[in-house]
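Report on the structure given below.
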């Protein structure tokens, strides 16, 4: 029986980190299904999902644990079966503005109040082209319950944007075509 595992990895960035994890997965008959990984600061971090024969799971986990001696921390969790999900609309939220503490907190708090799930979030700070001030940028993929009024969410986000002096755009993604 195949087992699905979700794991997080983090370590000082250097060549070979992904290879060391991929080597363990392959050595134990696993299949690398999906991942999101990135270098942030001097660290490399990621989350991945693999499938492995059930009888090989303990050996895989032990092999991954041995990577700690090379400075890589791996945390493994069993993948949970998907719970029935209420109908939701997929949307994209974009934020751009002068950086200041609290932007992510304010936005995420408002979204949580509406029951919106942040499925993906990418943020960065960079230098503005003309002024050299630090700009904050965020890109998020959201799952908005069908029961939510998108206009109310947009109003709340616009109020926060005015307070934070950032620009916010919220756009619904088109539904995938079914064949």
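The values are calculated or read from the model by the stated rules, or taken from the named source; none is laboratory data. Keep in mind that what you see is a predicted model, and the values were worked out from it rather than measured. Neighbour counts are summed over all protein chains in view; Cβ atoms, including those assigned to glycine, are modelled from backbone coordinates with ideal geometry.
The table below gives the values:
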| item | result |
| --- | --- |
| Given (1) under 30 Å from residue 157 (Cα atoms); (2) surrounded by fewer than 13 Cβ atoms within 10 Å (Cβ to Cβ); (3) modelled with pLDDT of 95 or more, index of the condition residue 43 fails | (1) |
| Single match in 144, 153, 160 (criterion: in contact with a strand residue (DSSP E or B) (Cβ under 6 Å, 6 or more places away or on another chain), at pLDDT 90 or above and surrounded by 11 or more Cβ atoms within 10 Å (Cβ to Cβ)) | 144 |
| Of the criteria (1) on the phi > 0 side of the Ramachandran plot; (2) free of Cβ contacts under 8 Å to residues at least 40 places away in the same chain, which one residue 117 fails | (1) |
| Unique residue being in the same structural domain as residue 7 (by TED's automatic domain parsing) and either free of Cβ contacts under 8 Å to residues at least 12 places away in the same chain or surrounded by 14 or more Cβ atoms within 10 Å (Cβ to Cβ) (or both) when the list is 111, 93, 67 | 67 |
| Condition met for residue 160 (in a helix (DSSP H, G or I) and either over 15 Å from residue 92 (Cα atoms) or outside the structural domain of residue 97 (by TED's automatic domain parsing) (or both)) | yes |
| Members of the range 70-88 found to be surrounded by 15 or more Cβ atoms within 10 Å (Cβ to Cβ) and in contact with a helix residue (DSSP H, G or I) (Cβ under 8 Å, 6 or more places away or on another chain), listed by number | 72, 74, 76 |
